Structure formats: structure tokens, C-alpha cells
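Trainee: Encoded as C-alpha cells, here's the structure I'll be asking about.
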Amino acid sequence: MTSWIVPALAAAFWAGAILWPALGRLVTPWEPLVAGLIVLALALARAPRRRADDRLAAAGLVTSREIPALAALETGTQLLPRAPPALVAAGLVLAFVMLGAGWTGIRIERIVGSPLSRGAPAAVTVTGALLTDPQPGPFGWSAELGVSEARVHQPWSQADAVLRVTERVWVEGSDRIPRVRRGDRLAVSGRTERPGDPSFATFLVDHGIGVVLQTQDVRVLGPSANPFVRMAQWARSRLLGQMRALFTPRDSGLLMGLALGDTSSLDRGDEEHFRATGLGHLLAVSGENVAMVLAPVLGLALLLRLSATGRFVLGGSAVAFFVLLTGGEPSVLRAGVMAGLALGGALLGRPRSTGVVLAGAVLLLLLVDPLLVRSVGFQLSVAATAGIVALAPSIMARLRFLPRPLAIAAATTTAAQAGVSPILLYTFHQVPEVTLLANLLAFPAVAPALLLGLAAAAAGAVLPPAGFVLARLAEIPIRYLEVLADKLASAPVGSVTSGGGVVVLILGLGAVVAVAWWLRTGRRIPRPAVAVMAMAVPVFLWATALRAGPPAGLTLSFLDVGQGDAALVRSPGGATVLFDGGPDPELVATKLAALGVKRLDVVVATHPHLDHYVGLPAVLARFPVGMVLDSGCALPESASPPYRDFLHSVREEGIPERHPAAGDAFTVGDLTLDVLSPDQCWHGTHSDANNDSLVFMVSHLEDTVLFANEPEADAQKEMLDRAEPVAAEVLNVPHHGADTSILPFLQAVHEGLAVISVGQPNPYGHPDPHLLQELRSTGPTILRTDRCGDITVTFQQSGLLVRTGRCHTLLLQSNRT
């Protein structure tokens, strides 16, 4: 049995790459690298010669007889005694762990110590090839550029310093997106900067980038100098053009994602629906796409009766071209290298198991770029394939009662989901329970949608009538996928959630390995284990039922979303109201799922600032919502593309929308929502958007909460002049504690608990020390989400029960007025 060797070494190298950040605090990269080479040499030298060499040769690895220094030990005096196989195996694994750590450290040092990074800040003109299509952002656009030459402008000298480099830079522009595409050669002038935000710096390093280039001028020098890249550019452009011509914008956007992994034109509602149902992987090109391309190519090779070498060349060229066509994302790189290794094994007459081919592909890719271990797309791609390899055959054997196509689909989907779930829980903290059903129902439509769509685009360029007919046929599975994702995304089904952390990842992966071992060995589960699981099921169901039911008293959940706002109100009668969605696209939706929320009666978008509504499209896509409230004031901020996406989501989901004003009141079950501000849309103030923010008094019987949101001094004074009833037991402090509130307003609220939703580190200086001093002078207990995490407040007869993620539990006396 040699099938374990390559997977074990690939896993060891992967582990070393992950361990480097911790190890790098103690040693330089060269120390583990040299130590790994020494341990590897010792392990090979002390291995039982014939048996070890036969196993290594069978696994496709180099043997000691091919290494002169070790071969000399065979013919000369045996200087080292042979070691037991288990010890040799442990040595090989340890060696690859150290090699992975050292190689990763060297790679990171090369990135952060690149010439452009060392010289930043500097005015430069760089020449290179665009590695990604420019992407729009909140304040402009960004892209990755592979630089080959840099001219550094030196103010103290008339001559520029010319550097020949090979590195990536992150290009940012504040003007219109240039009309360029991936592969084009550009000359970009601007100023290099080292990223100041540590999290952004880590993100860039993970992508092989050490410096940011703020652009002043972008000139297109021409298409790629590589003829294969130019051909891929041309083919991609023609395919995308035909897709847009033959399909509606929504259908073409989805087809572009299915076929080429291009989500630039994907409908934002569809994007959220696919993500919410666990179908997002269909929009990332992977092994399934490569297989669909390779199968007809190999079929053609057989029809042409090509030799094994001809099949290898034709198949390998097709795979390489498809990788270029789709942009070389980590998932397609993994699939492409696997296909190349499989074709190579067939050519040499030494085919390998899928597990060995997967491990070999992973090891080769990590040798090229060890930072791929930090790519979530690469992690999920490898985990899904590993899950299929380890679990699918055993699951399919137990589904013999089903028709074979259905058994294959069920086994493959279940195995892939099992493989990726630990990573999803670790990274995104959520796995929708509807995922398995969604993938099973989507399975029959994916291949027809992809193949018919590509065939329509190809035929449309040559014979337009044929392209039109094929496009109409392709619309059937495409529309089916759209409707399926839409309906299942908001189904009242819960999610498996976690708080993340390494423990969740280790336990999840351990559970998958244990299940794979049990299924493959066919061993029966011990009776004590069965008894423990049987006793755990009622406890799990009981806990789930408690979480899903309404609370005993009015409950407020102030969610820790960083620098932003999001709060959930739940009543004993089952009413649910969400105020704002925070600055993260996914975080609030995940937190709501963890709280057991199945629907929302009202969603309030208080005002059009990014830190309040970016997370709302995901919420609207994943939960049934009764009504959306927003101010409706015409502001420059409300015309921004992100806010238009939010409004588009409201319309796409068919949710009623209202624009309330001061004096309006809403009854939501046993809750009353009184609108206190604004009474008009403000103009000419310090911040019209903040002053237009919706202010609500939420009440349940005698319990009151003031969601002040972000009115500044002008709007606060207006509320006091109109004698609005602002007194409440709990206050959501305006504007994250900024110094934009007036003391009379804070005194009028007379709250017992003040909650500040704020993030740290805070570039805006929130909360302001002067505001905190004024707030303390009015007497409330003050809690902050940046220090306490999520803050849950439950109204009881005895007072307010306050639970937090990181601070002590509090019981505050009631402060009703």
C-alpha cells in the first residue's frame, strides 16, 4: 500500500505553510528549510532500501538509487543502520512540515521585501500585464498588475532609476474604470504606498502583493505579448459578447458565472441566493467545468485515433487553454493540474488513484505558491474533491436502492458538502441546512445550462439562427437554477452555525475523517457510542426549540459588526425587527441565523451610509421580510452603486417599501414603532444623510427603547423643539458616540442603559471622550460593542438582564419614566 505517501506529504507541506506565521516569530525561514532537507535526507538514507525504493517508485517519487550520495551508501559501507518503516514515515512527514514552513517564510519575505515595497513611498511609472479585470469599489476601482519594469522618479536627480522586477502590485484608481481587460499590457504612473491597515496588508500578502499603487495615469500599451493569452482573450471576449447578445442581462450574468467564473455581470439578487443556498460554488470554475471541457476533447482524440502522446498533447493543451480562458483561479488551477497529472500517468502507463493525483496536484501548486493555503477558494476546492474521494464510493454503495444516476448525484453532493463544511464553519461560521437539498435539486440542471449556453455562444458567432435556438433551450435550465436558488434562499430553514476558531475546524475535520474511516472499513459503531448519540439528540432538539421560540420578554440584540450599526428586536409575541445591516456583506445574516431567526417582520435602513446597509442585501435574500423602511430622502449617498444594489434587492425580493416621517407609527405584532425623526429631508447641514436618519421609539407595554441611529445636533434640537417623547429605558447612542450630539438631548432620554455600536481600531475617533463624559453625567450604564462584543438586553419585571460576548452579565434596575 503506497497510496498514503503523496497525500501524507502534501498534507504535511500544507500544515507547515499554515504553521509558518507562528514559527516565524522564533526562527528565520532558512532554518526550518535546511532542517527539513537534512531530515529528508536522513529518512531516505535510513529507510529499508528495497521496500522503500519500490514504494517511492510506485508513488512516482525519486528513489535513493537516483541520488548519487545515497546510492554510494548502497555500494559502500553502511554508515547508518536501517530504521523501522514507521520511523521513516514520521521523518518524511516532519521533513515536509519543515519544508512547507521554510518555503512559505521565504515566499513572504520576498513579497514584503520586494524592490517596490522597499522603496515605497515613491513616484513611479510601472509597465506590466494586467492580472485581473478591474473591479469597481466604493471609492473607485482596483486591479492586480504583474510588473516587469519600474521607473522610479527621483526628485534629487534628473534621471529615473530603472528597475527590472517581477512582482505584483495592487493598483487603485479614483477615476472611471479604464477600458482594459485581463492580459493587457499597461503603463501606470502613480505613487506606491505600503498598506497601513494590517488586515489589508495580510490580504495583499496572501495574494502575493506587497505594495499599493495609487494611479494618476493609465496607458494601454497593447494586448498580451503571449500569443496563447491573446487567443484566450479573444475567445473570452467573443463568448461573453455572444452571451450578452443571446440572453437577457440576468441570464447572461448567471451563464458567465457558470461557464467562466465571471460574476461581474451577475444579478446581485442571484448572487445572494446562490450564496445563501450553498450553490455559490457553481459560480467558481472548478473540476466539473474542466471535466466538461476535457471529455469532448478526449472523445475527439479517440475518433481521430490519436496515439497516447497525441491524446496527452491535445487534452493538455485544451486544459491549459481553459485555465487561461477562465483566469487561473485557484480552484481551476487545482483541477487543471489534476487533469494534467492524470493525462501524464495515462501516457506513461502508470495511472494513479484520484487521491494520489489530488495530493500530487496540491503539492506541486504549493511548491509554486505556498500562500495558496490561505486562499479560501483553494481550500474549498481541495476539501470538496477530498471529500468526494474519501466518502462518495462508500455512500454510493449504501444507496444501491436508488437509480444509479440519482445515487451518484446524492453521493457526490453529500461527500463534497461533508468535505467543505468544517472550512465553511471556520471561515464563514455558517452552513445553511438547505444546502444539501439545493445541490441535489440543482445537479441535473448545471451541465445542460453550461453546455447549451456555451454551445449557443459558439454557434451564435458562426450561425446566428442556430445560436438563437440553442439559447432558448439553455434558458430552461438557467431559469430553473435562478428560481430554485430564489425559493430555497428564503425558505424557513435554519443553519448550522459556529463561532469559528481552530477548535471548530479541527473537530469538524476529525469528524469527517472518522466518518470516512467508518464507511470505508464497514465497522459497526460501538453500542456505548450509539447510546451517547441517542441521548444527545433530545438535548440538541430541545436547545434548538428554545432558540427558535420567541423570548420571554422584549429582547434587544446589539450586534458587534465593527464600525457600523445592526440591532435586532424580538418580542414575546414573536415580532422581529432589524435596524440596519452593518458594513460587512455577510456578517449580520450569519448572526441572525445563529440566533435562530426564520423571518423578519420589518427591516429598517436608517440612512444611506455604507456602515449601515451593506449587509442588508444578504439579509433580504435569506430571510422572508414583511416590509422595508427607509427615509427615501434624495441624497448623493443614495445614488451610490452599493445603495442602488440594496434598493434593487428590495424590488427583486418583492418586499413592500415605505418612507416614514415623524409622526408615523407602525404596529408589528405586540410591538409599537413610533417614528420621531426626520420630519423633513434636511438640506445644507453638516451631514444631511445623518440628520435624515430614521429615529424610532420601540415600545412593548411599558418597555421602551430609543433607536436614535445618527441624527446630529440639528435634528436632535428639532426633536426637542417638537417635544417628541424621547425618554426611554435603553438608548442606542447616536452616531457611534461621535461628538455630534447635544447634552439636552442626552439628558431628555434619561436612559438606564446606553449602548454604543462602534469598531476598533477606529479611524474616526469614536466614541468621542467629550461625548462619553457628557453621557456619563446623565447617569446610564454605558456598554460598547468594540469591548463587549454582541450585547443582548432582555426586559424583565425586576429590570434589565444584560448578557455580552466579552463583558460580565449585568442586572440593571428598571428606569421607566
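The values are calculated or read from the model by the stated rules, or taken from the named source; none is laboratory data. Fair warning: this is a prediction, and the values are worked out from it, not measured in the lab. Here the Cβ positions follow ideal geometry from the backbone for every residue, glycine too, while neighbour counts run over all protein chains shown. Only protein heavy atoms, including side chains, enter the accessible area calculation; ligands, DNA and RNA are left aside. Shrake-Rupley method; radii C 1.70, N 1.55, O 1.52, S 1.80 Å.
Trainee: Go through the stretch 774-803 and give me each residue that's open to solvent by less than 30 Å² (accessible area, probe 1.4 Å) and touching a Lys or Arg at 6+ places or on another chain (Cβ under 9 Å).
Mentor: Of everything in the stretch 774-803, those that are open to solvent by less than 30 Å² (accessible area, probe 1.4 Å) and touching a Lys or Arg at 6+ places or on another chain (Cβ under 9 Å) turn out to be C788, G789, I791, V793, T794.
Trainee: Mind checking which residues of the stretch 260-288 are assigned to a helix (DSSP H, G or I), open to solvent by less than 10 Å² (accessible area, probe 1.4 Å) and under 27 Å from V337 (Cβ atoms)?
Mentor: Result: L260, F274.
Trainee: Test Q154 against the stated conditions and say whether it is touching an Asp or Glu at 6+ places or on another chain (Cβ under 8 Å), at pLDDT below 90, surrounded by fewer than 19 Cβ atoms within 10 Å (Cβ to Cβ) and polar (S, T, N, Q).
Mentor: Judged against the criteria, Q154 is a match.
Trainee: If you check W170, W141, which single one turns out to be in contact with a helix residue (DSSP H, G or I) (Cβ under 6 Å, 6 or more places away or on another chain), crowded, with 16+ Cβ neighbours inside 10 Å and under 24 Å from V614 (Cβ atoms)?
Mentor: Criteria check complete, one pass: W170.
Trainee: Mind telling me which of the residues G183, G196 ends up being under 30 Å from N762 (Cβ atoms) and outside any strand (DSSP E or B)?
Mentor: Result of the check over G183, G196: G196.
Trainee: Could you check R164 against (1) modelled with pLDDT of 90 or more; (2) open to solvent by 50 Å² or more (accessible area, probe 1.4 Å); (3) closer than 11 Å to A129 by Cα and say which number it fails?
Mentor: Answer for R164: the failing condition is (3).
Trainee: Would you check which residues across the stretch 441-462 are under 23 Å from G377 (Cβ atoms) and open to solvent by 50 Å² or more (accessible area, probe 1.4 Å) and list them?
Mentor: F443
Trainee: Which residue out of H659, H683 is open to solvent by 20 Å² or more (accessible area, probe 1.4 Å) and either among the hydroxyl-bearing types (S, T, Y) or free of Cβ contacts under 8 Å to residues at least 12 places away in the same chain (or both)?
Mentor: H683
Trainee: Among G173, G190, G196, which is the only one that is small (G, A, S) and free of Cβ contacts under 8 Å to residues at least 40 places away in the same chain?
Mentor: Sole residue among the options that is small (G, A, S) and free of Cβ contacts under 8 Å to residues at least 40 places away in the same chain: G196.
Trainee: Specify the residue that is nearest to H609 (Cα to Cα); the eligible residues are those in the stretch 637-654 that are of a type in the set (A, V, I, L, M) and crowded, with 17+ Cβ neighbours inside 10 Å.
Mentor: L647
Trainee: Checking Y426 against (1) under 30 Å from A511 (Cα atoms); (2) modelled with pLDDT of 90 or more; (3) open to solvent by 50 Å² or more (accessible area, probe 1.4 Å), which test does it fail?
Mentor: In the conditions (1) under 30 Å from A511 (Cα atoms); (2) modelled with pLDDT of 90 or more; (3) open to solvent by 50 Å² or more (accessible area, probe 1.4 Å), Y426 misses (2) alone.
Trainee: Name the residue that is nearest to V323 (Cα to Cα), counting only residues in the stretch 212-234 that are part of a strand (DSSP E or B), open to solvent by less than 80 Å² (accessible area, probe 1.4 Å) and touching a residue at least 40 places away in the same chain (Cβ under 8 Å).
Mentor: Among them, the one singled out is L221.
Trainee: Within the stretch 199-211, take every residue that is in a helix (DSSP H, G or I) and of a type outside the set (G, A, S) and give me the one that is least open to solvent (accessible area, probe 1.4 Å).
Mentor: If we take residues in the stretch 199-211 being in a helix (DSSP H, G or I) and of a type outside the set (G, A, S), then L204 is least open to solvent (accessible area, probe 1.4 Å).
Trainee: A further question follows. Against the condition assigned to a loop (DSSP other than H, G, I, E, B), touching a His at 6+ places or on another chain (Cβ under 7 Å) and of a type outside the set (K, R), how does H808 come out, does it pass?
Mentor: The answer is no for H808.
Trainee: If you don't mind, there's one more thing I want to ask. Can you name the number of the only condition in (1) at pLDDT 90 or above; (2) touching a helix residue (DSSP H, G or I) at 6+ places or on another chain (Cβ under 7 Å) that A409 fails?
Mentor: (1)
Trainee: Hey, another quick one. Would you tally the residues in the stretch 780-813 being at pLDDT 90 or above and of a type in the set (S, T, N, Q)?
Mentor: So the answer is 6.
Trainee: Could you check how many residues of the stretch 87-138 are of a type in the set (G, A, S), outside any strand (DSSP E or B), open to solvent by 20 Å² or more (accessible area, probe 1.4 Å) and out of contact with any Gly (no Cβ under 8 Å at 6 or more places or on another chain)?
Mentor: The qualifying residues number 3.
Trainee: Could you say which residue among A723, A748, A738 is out of contact with any His (no Cβ under 7 Å at 6 or more places or on another chain), free of Cβ contacts under 8 Å to residues at least 40 places away in the same chain, small (G, A, S) and open to solvent by less than 50 Å² (accessible area, probe 1.4 Å)?
Mentor: Being out of contact with any His (no Cβ under 7 Å at 6 or more places or on another chain), free of Cβ contacts under 8 Å to residues at least 40 places away in the same chain, small (G, A, S) and open to solvent by less than 50 Å² (accessible area, probe 1.4 Å) holds for just one of A723, A748, A738, which is A748.
Trainee: Here are A567, A536, A529: which of them is surrounded by fewer than 12 Cβ atoms within 10 Å (Cβ to Cβ), at pLDDT 65 or above and not hydroxyl-bearing (S, T, Y)?
Mentor: A529
Trainee: All but one of (1) part of a helix (DSSP H, G or I); (2) surrounded by 16 or more Cβ atoms within 10 Å (Cβ to Cβ) hold for A491, so report the exception by its number.
Mentor: Answer for A491: the failing condition is (1).
Trainee: Determine if the stretch 181-197 includes at least one residue that is closer than 30 Å to A459 by Cα, crowded, with 16+ Cβ neighbours inside 10 Å and out of contact with any Lys or Arg (no Cβ under 9 Å at 6 or more places or on another chain).
Mentor: For the stretch 181-197, residues closer than 30 Å to A459 by Cα, crowded, with 16+ Cβ neighbours inside 10 Å and out of contact with any Lys or Arg (no Cβ under 9 Å at 6 or more places or on another chain): present.
Trainee: Give K591, K598 a once-over and let me know the one that is closer than 25 Å to V483 by Cβ, touching a residue at least 12 places away in the same chain (Cβ under 8 Å) and open to solvent by 10 Å² or more (accessible area, probe 1.4 Å).
Mentor: After ruling out the rest, the residue left standing is K598.
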